[in-house]
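**Student:** Below is a structure I'd like to ask you about.
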């Protein structure tokens, strides 16, 4: 089953009013897409101008760095969550506030359950249970194409190496993540540590960041299986050069960008995006400490692996890299 290309131009207000707008969107209510695009360019607020700039930069980067276009297939859409009530499509990226966005969408779609009106009332593990939220890949071709045309499409991105270090810290340095240690840690130790002790080979719970980096850049890794979503590149998860994202939110401006999306959806009175715990965030300074023992050769290999995410979303090569 093949789909029409999702990289569509913004709809005019007339076009946006036609067709099926989802089960919960009132015909008299402006859709988020109308709210976003039906504004006189001379009357744009600074926030609107900023988001327009992000869209335009992404489109220009796609034209510059993407050689070949292809059509979308349902497999491409497994990370795109659907909110039919508010005409929203959200592509979730692990380690970029996706747990809280899933909580918010569970509240908005009624999937949070009775008495749960606040996102943080939903346990983190419950936000990731398959079936609590529908993904676009579950719909028919016609339903997918209609939603790609008429729903507001958004994603949130993050400085690629800060996201990568955050994934490493969460999955390989926390004692409770035994499933990840068994699934990936043992494989990394076996491949990257020639003199590994039997205990390390069995448990996989002491993977160093250097071993993780070497595992990622090893060509055999992706030949064996796709990257885990926690360290897969954003452009491979969300296909931003095939799907026209109307809002590109950033982790660095998370609270403001989340509020902007909820305002476009007309949902700012229904739910508030949870405040983040900044004390636990992986910052550029912290990421630099992890990279200081990585050789320039492997720094360059890793940058090349994540290069498209840097280019598409306007992130500079980190100053702490020794690859110049």
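The values are calculated or read from the model by the stated rules, or taken from the named source; none is laboratory data. Predicted, not measured: the structure shown is a model, and the values here were computed from it. Cβ placement follows ideal geometry from the backbone for every residue including glycine, while neighbour counts extend to all protein chains displayed.
**Student:** All but one of (1) closer than 30 Å to residue 149 by Cα; (2) at pLDDT below 95 hold for residue 280; state the number of the condition that does not hold.
**Tutor:** Unmet for residue 280, out of (1) closer than 30 Å to residue 149 by Cα; (2) at pLDDT below 95: (1).
**Student:** Of the residues 298, 251, 320, only one is farther than 26 Å from residue 144 by Cα, surrounded by 14 or more Cβ atoms within 10 Å (Cβ to Cβ), touching a residue at least 60 places away in the same chain (Cβ under 8 Å) and not assigned by TED's automatic domain parsing to the domain that holds residue 38; which? Please lay out each step first, then the result.
**Tutor:** Values: 251 fails: not assigned by TED's automatic domain parsing to the domain that holds residue 38; 320 fails: touching a residue at least 60 places away in the same chain (Cβ under 8 Å).
Selected residue: 298, the only one of 298, 251, 320 that is farther than 26 Å from residue 144 by Cα, surrounded by 14 or more Cβ atoms within 10 Å (Cβ to Cβ), touching a residue at least 60 places away in the same chain (Cβ under 8 Å) and not assigned by TED's automatic domain parsing to the domain that holds residue 38.
**Student:** Shifting gears a bit: Inside region 197-243, counting only helices (runs of 4 or more DSSP H) that do not spill past its ends, which hold 2 or more residues that are at pLDDT 95 or above and within 15 Å of residue 78 (Cβ to Cβ)?
**Tutor:** Values: elements: 198-203, 209-217, 219-224, 234-238.
In region 197-243, the matching helices (runs of 4 or more DSSP H) lie at 234-238.
**Student:** Report whether or not residue 169 is more than 25 Å from residue 76 (Cα to Cα), out of contact with any strand residue (DSSP E or B) (no Cβ under 6 Å at 6 or more places or on another chain) and in contact (Cβ under 8 Å) with a residue 24 or more places away in the chain. Can you show your working first?
**Tutor:** Values: more than 25 Å from residue 76 (Cα to Cα): yes; out of contact with any strand residue (DSSP E or B) (no Cβ under 6 Å at 6 or more places or on another chain): yes; in contact (Cβ under 8 Å) with a residue 24 or more places away in the chain: yes.
For residue 169, the condition - more than 25 Å from residue 76 (Cα to Cα), out of contact with any strand residue (DSSP E or B) (no Cβ under 6 Å at 6 or more places or on another chain) and in contact (Cβ under 8 Å) with a residue 24 or more places away in the chain - is met.
**Student:** Something else now. Filter region 95-110 down to residues that are surrounded by 20 or more Cβ atoms within 10 Å (Cβ to Cβ), part of a loop (DSSP other than H, G, I, E, B) and out of contact with any helix residue (DSSP H, G or I) (no Cβ under 6 Å at 6 or more places or on another chain), then give me how many there are.
**Tutor:** Looking only at that region, the number is 0.
**Student:** OK, next. Go through region 114-147 and give me each residue that's part of a helix (DSSP H, G or I) and either under 17 Å from the mean Cα position of the chain (by Cα) or closer than 16 Å to residue 98 by Cα (or both). Steps first, answer last, please.
**Tutor:** Just the residues of region 114-147 that are part of a helix (DSSP H, G or I), to begin with: 119-121, 124-127, 136-138, 141-147.
Selection gives 119, 120, 121, 124, 125, 126, 127, 136, 137.
Results for (1) assigned to a helix (DSSP H, G or I); (2) modelled with pLDDT of 95 or more; (3) outside the structural domain of residue 143 (by TED's automatic domain parsing), shown as yes or no for each residue.
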site: 47; (1), (2), (3): yes, no, no
site: 52; (1), (2), (3): yes, yes, no
site: 55; (1), (2), (3): yes, yes, no
site: 59; (1), (2), (3): yes, yes, no
site: 68; (1), (2), (3): no, no, no
site: 71; (1), (2), (3): no, no, no
site: 82; (1), (2), (3): no, yes, no
site: 89; (1), (2), (3): no, yes, no
site: 93; (1), (2), (3): no, yes, no
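**Student:** So which residues in region 172-207 are under 21 Å from residue 219 (Cα atoms) and either in contact with a strand residue (DSSP E or B) (Cβ under 8 Å, 6 or more places away or on another chain) or loosely packed, with under 14 Cβ neighbours inside 10 Å (or both)?
**Tutor:** 183, 190, 194
**Student:** Hey, can you tell me all the residues within region 27-58 that are out of contact with any helix residue (DSSP H, G or I) (no Cβ under 9 Å at 6 or more places or on another chain) and surrounded by 15 or more Cβ atoms within 10 Å (Cβ to Cβ)?
**Tutor:** 54, 55
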